[in-house]
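A quick write-up on the structure given underneath.
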Amino acid sequence: MAIQGRREGVSREVTPEGKVVNENETFTCGHCQHITDVGPKQRLDELGNMCLVCMRPCCKQCTFEMTHGGGCAPFEKKLERIEARANARRTYEECAR
């Protein structure tokens with residue numbers, strides 16, 4: 001499945017002898033990093049949707065959260081918030097000593 005003309009990834013099931021049994025294209029959710037297999041002739045709206053804020057494909061769970069008031073939450077922004085929280089806690093603990 002090409003999303004905006006680009007190929008995201010491919011998952012392969014391989015036997016111990018090295019023979020490829022099954023091969024599907026994949027996409028990674030821009031909000032939670034969940035990897036979704038895309039079957040033949042499946043459309044993105046069957047598997048999730050495209051976030052129109054960050055322009056990344058999203059899985060079903062993140063699409064549901066976005067449509068129910070969650071808004072756009074790219075994975076990188078979540079990591080930045082976690083790091084900022086850890087730095088603030090570390091600073092607070094150092095000051096409290």
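Derivation of every value follows stated rules applied to the coordinates shown; laboratory data play no part. On a predicted model such as this, the values are computed, not experimentally measured, just so you know. Using ideal geometry, Cβ is built from the backbone for each residue, glycine included, and neighbour counts are taken over all protein chains shown.
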Please identify the pairs in which a residue from region 37-60 that is more than 13 Å from residue 26 (Cα to Cα) has its Cβ atom under 6 Å from the Cβ atom of a residue that is surrounded by fewer than 19 Cβ atoms within 10 Å (Cβ to Cβ), counting only partners at least 6 apart or on another chain.
51/72; 53/72; 54/72; 54/74
Complete set of residues in region 42-73 that are of a type outside the set (A, V, I, L, M, F, W, C) and touching a Leu at 6+ places or on another chain (Cβ under 8 Å):
57, 60
Among residues of region 20-37 being surrounded by 12 or more Cβ atoms within 10 Å (Cβ to Cβ), within 15 Å of the chain's Cα centre (by Cα) and polar (S, T, N, Q), the residue farthest from residue 62 (Cα to Cα) is 26
Which fully enclosed strands (runs of 3 or more DSSP E) of region 15-97 have 2 or more residues being aliphatic (A, V, I, L, M)?
20-28, 35-38
